[in-house]
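A.B. asks: Here it is, the structure in full.
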Amino acid sequence: MSAEQPPAVETPGVDDEIRDIADVPAVEVINTVAVHLLSAAAVKVGLADDPEQQLDLDEARKLIDALAGLITASAPALGDHHARALRDGLRSIQLAFREASPFPDEHGKGPGEKWTGPVS
């Protein structure tokens with residue numbers, strides 16, 4: 001009995017997806033990633049609609065740090081309109097983190113503040 005190789009599986013649409021992402025401007029990709037980070041951080045600091053959602057400030061801190069770094073590094077390329085909106089969202093989530101924390105970080109030491117400076 002000879003071992004037969006299964007037929008190669010073709011993934012329809014992969015080439016189309018690769019071409020599609022190549023057509024997306026960098027600013028749009030950065031904004032999309034930033035919104036995902038912001039949304040995930042909001043859930044982790046307890047701002048989700050689901051009251052059963054557990055607070056996870058350790059995870060929120062990581063997401064906020066990543067978001068702050070992304071916004072700070074990409075702000076010059078984003079332009080005022082996009083950067084301002086992202087900074088406002090970041091500031092809001094940083095304040096929500098501080099409010100949710102039973103032991104708030106000292107001023108200027110909160111998540112993302114090494115990138116943004118102190119948030120109050």
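A.B. asks: Can you name the residue in segment 79-120 that is among the acidic types (Asp, Glu) and assigned to a helix (DSSP H, G or I) and is also nearest to Leu38 (Cα to Cα) among such residues?
C.D. replies: Within segment 79-120, the match that is nearest to Leu38 (Cα to Cα) is Asp88.
A.B. asks: Still on this structure, I have one more. Of these, Ala60, Ala75, which one is in contact with a helix residue (DSSP H, G or I) (Cβ under 6 Å, 6 or more places away or on another chain), closer than 30 Å to Pro25 by Cα and surrounded by fewer than 18 Cβ atoms within 10 Å (Cβ to Cβ)? Walk me through how you get there before you give the answer.
C.D. replies: Working: Ala60 fails: surrounded by fewer than 18 Cβ atoms within 10 Å (Cβ to Cβ).
Of Ala60, Ala75, the one residue that is in contact with a helix residue (DSSP H, G or I) (Cβ under 6 Å, 6 or more places away or on another chain), closer than 30 Å to Pro25 by Cα and surrounded by fewer than 18 Cβ atoms within 10 Å (Cβ to Cβ) is Ala75.
A.B. asks: Can you work out which of the residues in segment 26-57 that are of a type in the set (D, E, K, R) and touching a helix residue (DSSP H, G or I) at 6+ places or on another chain (Cβ under 6 Å) is surrounded by the most Cβ atoms within 10 Å (Cβ to Cβ)?
C.D. replies: So, considering only residues that are of a type in the set (D, E, K, R) and touching a helix residue (DSSP H, G or I) at 6+ places or on another chain (Cβ under 6 Å), the one surrounded by the most Cβ atoms within 10 Å (Cβ to Cβ) is Lys44.
A.B. asks: For His81, are the conditions met, namely being surrounded by 12 or more Cβ atoms within 10 Å (Cβ to Cβ) and without any contact (Cβ under 8 Å) to a residue 12 or more places away in the chain?
C.D. replies: On the way: surrounded by 12 or more Cβ atoms within 10 Å (Cβ to Cβ): no; without any contact (Cβ under 8 Å) to a residue 12 or more places away in the chain: yes.
So His81 fails the test.
A.B. asks: So which residues in segment 92-120 are surrounded by 14 or more Cβ atoms within 10 Å (Cβ to Cβ), under 19 Å from Ala73 (Cα atoms) and not polar (S, T, N, Q)?
C.D. replies: Answer for segment 92-120, where residues must be surrounded by 14 or more Cβ atoms within 10 Å (Cβ to Cβ), under 19 Å from Ala73 (Cα atoms) and not polar (S, T, N, Q): Ile93, Gly110, Pro111, Gly112, Glu113, Trp115, Val119.
A.B. asks: Test Asp65 against the criterion of being assigned to a helix (DSSP H, G or I), of a type in the set (Asp, Glu), at pLDDT 90 or above and surrounded by fewer than 18 Cβ atoms within 10 Å (Cβ to Cβ), and give yes or no.
C.D. replies: In short, no.
A.B. asks: Could you say whether any residue in segment 30-41 is at pLDDT 95 or above and closer than 19 Å to Lys109 by Cβ?
C.D. replies: yes
The values are calculated or read from the model by the stated rules, or taken from the named source; none is laboratory data. This one's a predicted model, so the numbers in the text were calculated from it and none came from an experiment. Neighbour counts run over all protein chains shown; Cβ positions are idealised from the backbone, glycine included.
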